[in-house]
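Trainee: Pasting in a structure now, in structure tokens, and then I'll have a few things to ask.
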Amino acid sequence: MDQPPTTKHIASKRLTLLELNATVPVNPKPFLNNLTGKPVIVKLKWGMEYKGYLVSVDSYMNLQLANTEEYIDGQFSGNLGEILIRCNNVMYMRGVPEDTEIEDAE
């Protein structure tokens, strides 16, 4: 007959499940430097999204974007051109795949 699981077995099983759900941390400096000159999507804490080309990142991780489009609640709001996003407003940022047009990325 099967033995009931021990506390050690349960703790080991729980650790394995936690390890599977963990994300791999990414060093932000190389990540941002690799995205320079490429299309990106930046989502702010307040819900707005900006799609444009990452021009530069400073030591505080403020972002400069060019050819930027603004989306509010998923709806196109307008073309903004060149903008600066202060670092503390960013919720997340992701690159747009090279073979995808920036307008099609959502």
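Trainee: Treat each spin label as a single point 7 Å out from the Cα along the C-beta direction, and report the D73 to Y92 distance in nm.
Mentor: 2.2 nm
Trainee: Something else about it: Let me know the shape class of the range 27-95, please: from the alpha-carbon gyration tensor, a ≥ b ≥ c as square roots of the eigenvalues, rounded when a/c is under 1.5, otherwise prolate if a/b is greater than b/c, or oblate. Intermediate results must be reported in sequence, preceding the final value.
Mentor: Values: a/c = 1.86, a/b = 1.46, b/c = 1.27.
Note, shape of the range 27-95 comes out prolate.
Trainee: Which of L80, L32 comes first, and how do the rest follow, when ranked by fewest Cβ neighbours within 10 Å? Display every interim value, and only then the final one.
Mentor: Values: L80 14, L32 17.
Fewest-to-most ranking of L80, L32: L80, L32.
The numbers here are math on the coordinates, done by the rules we state, and not lab data. What you see is a predicted model, and the numbers here were worked out from it, not measured in a lab. All Cβ positions, even for glycine, are placed from backbone atoms using ideal geometry, and neighbour counts span all protein chains on display.
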